[in-house]
Amino acid sequence: MSPVSPESIQLWGGALGLDFVNTVDYDARDRPLPAHEALGAPIDLARWARRLGVSRGRGLLAAGHEDLAAALDLRERLYAVFAAIARGERPPAAALAHVMGVYAEAVAHARLAPSDGERPAWDLQWPARDPGRVRFAVAADAVALLGDPERLARVHRCPGRDCGWLFLDTSGRRRWCSMGACGSREKMRRMYERRRSAV
């Protein structure tokens, strides 16, 4: 059983699209680690959507195995795009094309409607029961981030072992997904190595 769930996983990305790619941990070669997977079943996708406000209402979205597979495919491509950007590299063309394809599908299925809030804006909205709305919302958020040079320059990849999470460094000083998680583990590891070398 995975040690994380859609309800317990930390939301340290700073953007919906980054929180979505962070629903699994990654090794040093950017490969997902199945033992740290928060979206192991279709119902997990629906639970994550409810937690992040992508779906509303009492019931969960009726997501199926095809919905989950499509969402995980998008997650893989988004990670390839944003991890490359975090390293200062050009994102893979095939991954960008996939993200663009999902975004085009999202726009085709959406209506432009006023959002909730004190200062309403207009945004894309999808039918409440459409399980595709998870992919669509994530793709729309990712494209908005890709089009914002100031925020995009702040995308970083956590160097923690078996982490690889992506986040927006809004302070300009953040190195880790969390100082309390990967940051403190690295401090402990260095302290242990110093003691060993002293012995």
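Observations on the structure shown:
- Net charge, residue 46 excluded, C-beta distance under 14 Å - Lys, Arg +1, Asp, Glu -1: +3
- Most positive-pole-ward Cα, 127, 88, 113, against dipole of region 85-165 from beta carbon charges: 88
- Calculated translational diffusion coefficient of region 98-167 (25 °C, 0.890 mPa s; Stokes-Einstein with Kirkwood radius over alpha-carbon pairs) equals 176 µm²/s.
- In the full protein context, the chain carries 58 Å² of accessible surface per residue, based on a 1.4 Å probe and ignoring ligands, DNA and RNA.
- P(r) histogram, all alpha-carbon pairs of region 6-63 included - 10 Å bins from 0, percent: 23, 52, 22, 3
- Both radii come from the Cα set of region 47-157: Rg as radius of gyration, Rh as Kirkwood radius; their ratio Rg/Rh reads 0.98.
- Tilt relative to the chain, helix 133-146 - C-alpha long axis, 0 to 90 degrees, to 10: 60
- With eigenvalues of the C-alpha gyration tensor scaled by 5 and rooted, the chain, Å: 31, 19, 16
The values are calculated or read from the model by the stated rules, or taken from the named source; none is laboratory data. Predicted model only: the values in this text are computed from it and were never measured. Cβ coordinates were reconstructed from backbone atoms using ideal geometry, including for glycine residues, and neighbour counts include every protein chain displayed. Side chains are part of the model used for accessible areas, which takes the heavy atoms of the whole protein and leaves out ligands, DNA and RNA. Shrake-Rupley method; radii C 1.70, N 1.55, O 1.52, S 1.80 Å.
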